[in-house]
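Written below as structure tokens is the structure these notes are about.
The values are calculated or read from the model by the stated rules, or taken from the named source; none is laboratory data. Predicted model, so just to flag it, every value in this text is computed and none were measured. Here Cβ is always computed from backbone atoms with ideal geometry, including for glycine, and neighbour counts include all displayed protein chains. Just the protein is used for accessible areas: all its heavy atoms, side chains included, with ligands, DNA and RNA removed. Shrake-Rupley method; radii C 1.70, N 1.55, O 1.52, S 1.80 Å.
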Amino acid sequence: MDVYGLIGNPVGHSLSPPMHEAGYEELDIDARYVTFEPPQGEGATAVEAAETLDVAGLNVTIPFKQEVMAAVDPDDLARRIGAVNTIDFSTSPPTGYNTDAVGVTRALEHHDVPLAGRALVVGAGGAGRAAAFGLADEGMTVDIANRTVETAHELADEVDGATGHGLDAVPDLLADADVLVNATSVGMKEDRSPVPADALHGDLAVLDAVYDPIETRLLRDAGAAGATTVAGSWMLLYQGIEAFERWTGEVAPVEPMNAALQERL
Ligand code: NAP
């Protein structure tokens, strides 16, 4: 039996075990997915321990996504993003991936959103970095707007063709945007949107990385403006699906994995 898992602190609320185990069940893969909660600062040690224990793959969440980079060989994308959320132990040293970037692009593709034209990423933390690199790698022209404008400029300097802005530029940027990604935590467990409702329009596709609640204020506003809406649960699903496929070499069963996720959201 293969053991996969997640390290984070805390991990009690994680939706990954039922999502991955639904995939193993569907494909008849003899595997389990478990959660581990190492102490803060012990992420790299936990990865070394997992390797010793013959764990097949690990997902990594807050607060360990940066520190585990010391214990793995990050691929090019993970190195550029500066964070690893998926580790494959079939290589030595283990390989580190960042599947949040593909989580964004595959979630949009699932909703038939063309990855072309201009994307506005609001937020420049972990999710914002993943979204900006992922969308730029697909050939989109990326604008990054962030509350702390210096962070937006710093990230834009790293991403091909990107430009950084403060949040005050959001209405003007939205007028020319094809895709909007909210990569801030605004809207999480609160009825607030990071962008003004009257700047949204029907030619936009809007992905909200926030998945609690499922229907955020931003997604309600975007739907009312006639935009295509993509809930954060799709990003969560596809970052997991990408990890599943890298680990198992199989095409992941999207429907049962999504059903397991939706049941618990
Ligand atoms: P993070 O690294 O802490 O970054 C937080 C971002 O939000 C920063 O850009 C920060 O701006 C901005 N921000 C925070 N409070 C704000 C406010 N009141 N007004 C405007 N901007 C504000 O967090 P993260 O890991 O990127 O996560 C961001 C969100 O994405 C969270 O809700 C998380 O749950 C979600 N997420 C979802 C998925 C998924 O699979 N769906 C994956 C990863 C993350 P400053 O730089 O100015 O502080």
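Within segment 153-162, identify whether any single residue is open to solvent by 40 Å² or more (accessible area, probe 1.4 Å), over 12 Å from Ala124 (Cβ atoms) and in the same structural domain as Val122 (by TED's automatic domain parsing), and answer yes or no. Yes, some residue in segment 153-162 is open to solvent by 40 Å² or more (accessible area, probe 1.4 Å), over 12 Å from Ala124 (Cβ atoms) and in the same structural domain as Val122 (by TED's automatic domain parsing). Looking across Thr163, Thr184, one residue alone is within 19 Å of the chain's Cα centre (by Cα) and hydroxyl-bearing (Ser, Thr, Tyr). It is Thr184. Name the single residue, out of those in segment 180-202 being assigned to a loop (DSSP other than H, G, I, E, B) and of a type in the set (S, T, N, Q), that is most open to solvent (accessible area, probe 1.4 Å). It comes out as Ser185. Of the residues making up segment 210-220, those that are open to solvent by 20 Å² or more (accessible area, probe 1.4 Å) and either modelled with pLDDT under 95 or within 16 Å of the ligand (Cβ to nearest atom) (or both) are Tyr211, Asp212, Pro213, Ile214, Glu215, Arg217. Please work out which one of (1) in contact with a helix residue (DSSP H, G or I) (Cβ under 9 Å, 6 or more places away or on another chain); (2) modelled with pLDDT under 95 is the condition Lys189 fails and give its number. Against the list (1) in contact with a helix residue (DSSP H, G or I) (Cβ under 9 Å, 6 or more places away or on another chain); (2) modelled with pLDDT under 95, Lys189 comes up short only on (1).
When segment 14-52 is filtered for residues that are over 28 Å from Pro256 (Cα atoms), open to solvent by 30 Å² or more (accessible area, probe 1.4 Å) and not charged (D, E, K, R), the ones remaining, listed by number, are Pro39, Gln40, Gly41, Thr45, Ala49, Thr52.
For Met188, the conditions (1) assigned by TED's automatic domain parsing to the domain that holds Leu135; (2) over 20 Å from His13 (Cβ atoms) all hold with the exception of (2). Across segment 87-107, a minimum of one residue is classified as under 12 Å from the mean Cα position of the chain (by Cα) and basic (Lys, Arg).
A residue that is touching a residue at least 24 places away in the same chain (Cβ under 8 Å), away from the ligand (no atom under 16 Å from the Cβ) and over 21 Å from His20 (Cβ atoms) occurs somewhere in segment 58-73. When the residues of segment 138-183 are narrowed to those that are polar (S, T, N, Q) and farther than 19 Å from Asp198 by Cβ, which ends up farthest from the ligand (Cβ to nearest atom)? Among them, the one singled out is Thr141. Can we say Pro10 is over 20 Å from the mean Cα position of the chain (by Cα), over 13 Å from Phe244 (Cβ atoms) and assigned by TED's automatic domain parsing to the domain that holds Thr248? Taking the combined requirement at face value, the residue does not satisfy it. Among residues of segment 106-127 being in a helix (DSSP H, G or I) and buried (at least 24 other Cβ atoms within 10 Å of the Cβ), the one that is nearest to the ligand (Cβ to nearest atom) is Ala127.
Of everything listed in (1) farther than 30 Å from Tyr4 by Cα; (2) surrounded by 17 or more Cβ atoms within 10 Å (Cβ to Cβ), the single unmet condition for Gly240 is (1). Look at (1) open to solvent by 10 Å² or more (accessible area, probe 1.4 Å); (2) over 21 Å from Ala225 (Cα atoms) and you find that Asp168 fails only one, number (2).
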